[in-house]
Amino acid sequence: MHGWGVNTLRISINYHWLSPSDASTSTAAGPGFDQMVAWGKAHGIYLVLCMHAAPGAQSPELMADSVDGKAHLWTEPSVYQPWATHLWTAIAQRYANETTVAGYDLLDEPLLSETNPASGGSTIRAFYVKLTRRSARSTRTTSSSPAAPTGAARPPHEAMLPTWDDNMALVFHKYWDKNNTASIRGFLDIRSKNNVPLWNGETGESDAKWASGMVDLMAANGIGWSWWTYKKVNQDNQPCSIPEPPNYDKILAYVGGTGSQPSPVGLAGPSCCSSPRTPRRPIACGTTPSRRPCSG
């Protein structure tokens, strides 16, 4: 990745890896994250840690890993919001003085309601304020502590304003639209009026022509970006493709509730993704001598 010109990685986290219950924040996964930090440090790549699935689920959608399609982080705040706060505080304490960790993407695409996605901005903002202030009190010792990229992919981003911390950025996600100034005009206006940095925290899932246009647009407007995602099964619009292992359809059927539990015998497949192809231009961002603010 470093050879491609990547300078930042957004690391997605599922809370199950670190916190089986609110009373227990496991250190078992810590060495794995520490290893990623070490790799990043060795190769000059910054990390942004993102809570892609928060305790209780921050949205009713699949990527939040909800057990029943409900966003319990918002419907049961007394149970799950303290849990999420405790988990983020533990992570922030672990990396408070680690300069390779550039920031924390607090929640991936928080959403209270699929039927009314524009609702909930004030609720999300109130949680962010409480979360960041508590974590800051327990960790921030220098002005170089990691930033807190903050945003909501569905509710209006204006709901996150005014900013409440000098060490934060506003995150948006960009998919499947036109790559012109009009497509990001609202974000540019927010930046100029509020003096807050912007970060395109997720983008991709399209063809090379669209991705190239996205890169040019972000570069022209001084906005960093992060590609979603590094690898997927049997897809050619990512840097790395994972060949589908034998009987993978049986695993999907079982997980989806339409098949019986498969036997582990005969399910072994490739242990890693296929060798990365020669990266297309969007992946080789940030090349010297003028490094663009971008990531993979």
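The residues in the range 39-63 that are over 11 Å from the mean Cα position of the chain (by Cα) and not in a loop (DSSP other than H, G, I, E, B) can be counted, and the count is 7. Here Ser26 clears all of (1) over 18 Å from the mean Cα position of the chain (by Cα); (2) at pLDDT 90 or above except the condition numbered (2). The set of residues from the range 76-115 being out of contact with any helix residue (DSSP H, G or I) (no Cβ under 8 Å at 6 or more places or on another chain), within 30 Å of Gly44 (Cα to Cα) and loosely packed, with under 15 Cβ neighbours inside 10 Å comprises Asn97, Thr99. Number of residues in the range 26-38 that are in a loop (DSSP other than H, G, I, E, B) and surrounded by 13 or more Cβ atoms within 10 Å (Cβ to Cβ): the value is 2.
Consider the range 239-267 and keep the residues that are touching a strand residue (DSSP E or B) at 6+ places or on another chain (Cβ under 9 Å) and within 21 Å of Asp65 (Cβ to Cβ). The one that is modelled with the highest pLDDT is Tyr248. One residue alone among Ile184, Ile124 is at pLDDT 95 or above and hydrophobic (A, V, I, L, M, F, W, C), and that residue is Ile184. For the range 170-185, residues that are surrounded by 13 or more Cβ atoms within 10 Å (Cβ to Cβ) and either touching a Lys or Arg at 6+ places or on another chain (Cβ under 7 Å) or within 14 Å of Asn221 (Cβ to Cβ) (or both) total 6. Starting from the range 156-172, take each residue that is without any contact (Cβ under 8 Å) to a residue 60 or more places away in the chain and list its partners that are of a type in the set (Ser, Thr, Tyr) and surrounded by 15 or more Cβ atoms within 10 Å (Cβ to Cβ), counting only C-beta distances under 7 angstrom and pairs at least six apart or across chains. What qualifies is Met160/Thr150; Asp165/Thr132; Asn167/Ser145; Met168/Thr150; Leu170/Thr150.
Answer yes if at least one residue in the range 221-232 is surrounded by fewer than 14 Cβ atoms within 10 Å (Cβ to Cβ) and free of Cβ contacts under 8 Å to residues at least 40 places away in the same chain, and no otherwise.
no
Confirm whether Ala57 is surrounded by fewer than 18 Cβ atoms within 10 Å (Cβ to Cβ) and not polar (S, T, N, Q). It is false that Ala57 is surrounded by fewer than 18 Cβ atoms within 10 Å (Cβ to Cβ) and not polar (S, T, N, Q). The single condition among (1) in contact with a helix residue (DSSP H, G or I) (Cβ under 9 Å, 6 or more places away or on another chain); (2) buried (at least 17 other Cβ atoms within 10 Å of the Cβ); (3) at pLDDT 80 or above; (4) not hydroxyl-bearing (Ser, Thr, Tyr) that Pro279 does not meet is (3).
The values are calculated or read from the model by the stated rules, or taken from the named source; none is laboratory data. As the structure is a prediction and not an experimental result, all values here were calculated from the model. Cβ sites come from the backbone with ideal geometry, for glycine too, and all protein chains shown count toward neighbours.
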